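Worksheet for the structure shown next.
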Amino acid sequence: MKEEIKQTILANIENFDGLERLYRANKDDFRSAIKELHEENAADTTVAIWYSRLFYKEQKEKAKNADLLKDIGIMVLLAFIAWLPIRYYNGSHFTSSYTKIIENLICIVFSLMISLYFFLKKGFPIKELAVSAAFHICAFFYLWFLEKKVITPQITDNAFYFVFILFWFAAYLCYSGRNFKESTSLAGFIKISGELIVWYTIFFLGFLAVSFIILSLFEAIKIDFWNIWDENLLPYALCILPYASVYFIEKTKYQFTKILANIFLPVFLAGLAVFAVMSLFSETKPYSDRDTFILFNVLLVFVICFLTYSSLGSTESRFINICSLALAVITVLLDLYTLSATIYRISSFGISPNKLTLLVTNITMLGNLVFILFRCFKEKSFKVPAEKIVVYLPAYAVLAFIVVFIFPFAFKFK
């Protein structure tokens, strides 16, 4: 039957209406015949058109499945590499002098795998990956050097925390490729970073809930998997969920920026305003209380991240834009208050790596806030495009570089 249809097709190769009637009369045999004819002579135009018509969807699905398997393979492999030092750390006992070094290795390997993931997804920017990899390797040996050389742990701790800012920019290099100088590319990376935090939290909480139910069921039948889960599954989930979150964001295009701008911004503004007023009447001041002083600095970091991220929302509401402006004004006042407390503590208790780091950080954040206010007042609607706000962010890379690589030498590792 199939041979007869093949011969009929060849006999009516120029009779398009006849081929259509033949297809509708016996679709299965017609498909098989077209497939064989295409394998025998792919150059025939009519056969090629029919082959594309009948098998295009099938090819598309196969390509989609192949891409999915490839993406899953990449995520599983990179997460496994990032998990290895964690597994080694959990299964071994180190002296106190090497514990921090292994912790640094875990963070650096994890960060490098994130950069490698963006490298594999964004068109193979070889030079950018080489820069990122070289920086991660140098950062590991440099932090190792600080652990052995530095007497005061403040310098090492500050370097460890601020190096993550440089890791973030290293990941951005692999994400953007040759477009790393474009503000639109940086704005896109900030959006992915913010969405990543949200979806990572959602997926992780879901993983904990499902794990608790399943492990409780096993425990009910006297099978204990809690140790295996704690030592292996939980760390591996922590490693693979960032990739799963980014993949989900890219495929579904779900975005929380507009929700944050329209709902949480006014609420956060009200809360911050109340906090600012109440802090003036509180007996605990950042001038004398170290914990309050640190709390104010953490709050400033959070507000600036929130302002930058909420600027990515595409809202046209004048109320929301005015709230952004008011939030920036209140934060400037808080930053000036915190900056004065920093200067007071330096003049009263002397200079230290922590105080100098906080002083430079406060100045950098104040410059960021003033820059945001300048852009807001320049726009009549007070809505500043994210591309115009993020141009200041490389200043934080400079700040991190100074804290990580300059301050330890400035204080002579003491």
Worksheet item: Over the chain, what is the relative contact order in whole percent, taking alpha-carbon pairs under 8 Å and six or more residues apart?
Response: 17
Discussion item. Under a Cβ-only charge scheme (Lys and Arg +1, Asp and Glu -1), can you give me the dipole magnitude of region 182-255 about the Cα centre, in debye to the nearest 20?
Written reply: 260
Worksheet item: Which one of Ile223, Ile202, Ile49 has the biggest mean-square fluctuation once the chain is modelled by GNM with Cα springs under 10 Å?
Response: Ile49
Fill in: Of [x] -0.33, -0.85; [y] -0.51, -0.99; [z] -0.44, -0.89, the label for log10 I(q)/I(0) by the Debye sum over Cα atoms at q = 0.07, 0.11 Å⁻¹ derived from the coordinates
[y]
Worksheet entry | GluC sites (Glu not before Pro) restricted to DSSP loop in region 176-278 with at most 16 other C-beta within 10 Å | Glu182
Worksheet, complete the sentence: To the nearest 20 debye, region 2-57 has a Cα-centred charge dipole, built from +1 on Lys and Arg Cβ and -1 on Asp and Glu Cβ, of 320
Response to the item:
Calculated from DSSP helices alone, with each H run of at least 4 adding -39500 (n - 2.57) and the total divided by the residues of the chain, [θ]222 nm to the nearest 500 comes to -27000 deg cm²/dmol
Practice prompt. State the answer as a single residue: which of Ser132, Phe371, Pro394 lies farthest towards the positive end of the charge dipole of the chain, with beta carbon charges of +1 for Lys and Arg and -1 for Asp and Glu, about the Cα centre.
Written response: Phe371
Worksheet entry | On Cα atoms only, tilt of 234-252 relative to the major axis of the chain in degrees | 60
Worksheet item: Looking at this model, which pairs from Lys181/Lys388; Lys181/Lys378; Lys100/Lys127; Lys191/Lys355; Lys6/Lys35 are more than 21 angstrom apart at the alpha-carbon?
Response: Lys181/Lys378; Lys100/Lys127; Lys191/Lys355
Discussion item. Report the Cα centroid-to-centroid distance between region 270-290 and region 317-371 in angstrom, as an integer.
Written reply: 14
Item to complete: Compute the label zone of Ile74 within region 117-138: residues whose backbone N is under 14 Å from the point 7 Å along Cα-to-Cβ.
Response: 117-126, 129
Fill in: Most mobile listed residue (Cys107, Cys138, Cys376) in the chain, GNM with C-alpha springs under 10 Å
Cys138
Discussion item. Nearest 10 degrees is fine. How inclined is helix 265-281 to the longest principal axis of the chain, computing both from alpha carbons?
Written reply: 10
Worksheet item: Between the helical axis of 183-220 and the dominant principal axis of the chain, each derived from Cα atoms, what acute angle in degrees is found, rounded to the nearest 10?
Response: 80
Worksheet item: Roughly speaking, what is the stretch gain from Ser211 to Lys378, that is 0.36 nm per residue apart minus the C-alpha to C-alpha distance, in nm to one decimal?
Response: 55.0 nm
Item to complete: Mind telling me which of Lys355, Lys121, Lys222 comes out most flexible in a GNM of the chain, alpha-carbon contacts under 10 Å?
Response: Lys222
Worksheet item: Which is farthest toward the positive dipole end of region 209-308 among Tyr236, Leu295, Gly271, measuring Cα position about the Cα centre, with Cβ charges +1 (Lys, Arg) and -1 (Asp, Glu)?
Response: Gly271
Discussion item. Using the Cα centre of the chain as origin and beta-carbon charges of +1 (Lys, Arg) and -1 (Asp, Glu), tell me which of Ile202, Ile259, Val403 is placed farthest towards the positive end of the dipole.
Written reply: Val403
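Quick note: the coordinates plus some simple rules give every number you see, no bench work behind them. Being a predicted model, the structure only gives us computed values, none of them experimental. Neighbour counts run over all protein chains shown; Cβ positions are idealised from the backbone, glycine included.
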